[in-house]
Amino acid sequence: MESKKTFVIAGILIVVAVIYLIISSTSSTANYFLTVEEVLALDAPETERALTVSGAILGETIQYDPTLPVVTFTIVQIPGDPQEVERQGGLAAVLHAAVNTPNVPSLEIVYNDIKPDLLKHEAQAIIRGRLGDDRRFYADEVYLKCPSRYQEALPEQAGD
């Protein structure tokens with residue numbers, strides 16, 4: 001009877017330990033997806049964790065120094081809700097409107113790596129990194145999506 005009780009207690013402790021390890025490792029590596037506006041509103045303690053932010057790239061702000069290498073550019077606010085993106089006419093329309101709207105929230109990005117090929121005006125950037133004390137976003141990873149690149153070309157019509 002005593003060995004059965006010890007076995008049950010040991011089993012419960014093992015399950016609790018496994019659950020604790022899963023929760024603690026997941027929370028330490030989690031990235032939070034935020035809009036530009038949400039990132040700019042963060043307090044200092046909240047900026048210490050890894051963040052993921054998305055926005056439209058302002059092409060005229062792209063600067064690249066290949067000797068370091070470092071890329072700096074600015075992204076502007078786009079809706080974080082996919083349903084809102086669809087209501088506004090799709091990703092291409094949202095990106096175009098965002099970069100052409102004055103006084104939209106913006107965030108400067110610093111990426112210490114080579115310039116990605118798809119880094120261009122009106123591309124969607126999804127960036128993982130941290131917000132610095134200087135309120136610039138220091139990117140660890142940059143993912144880019146250019147909607148015009150993925151539009152299907154119309155097939156050629158049969159000749160007359």
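What to note about this one:
- Residue check, E108 of a type in the set (D, E) and modelled with pLDDT of 95 or more: yes
- Verdict on F73 being of a type outside the set (V, I, T), at pLDDT 90 or above and in contact with a Ser or Thr (Cβ under 8 Å, 6 or more places away or on another chain): yes
- Elements of type helices (runs of 4 or more DSSP H) in the range 27-127, at least 1 residues being of a type in the set (K, R): 82-87
The values are calculated or read from the model by the stated rules, or taken from the named source; none is laboratory data. Every value quoted in this text rests on a predicted model; they were computed, and no experiment measured them. For neighbour counting, all protein chains shown are included, and Cβ atoms are generated from backbone atoms with ideal geometry for every residue, glycine included.
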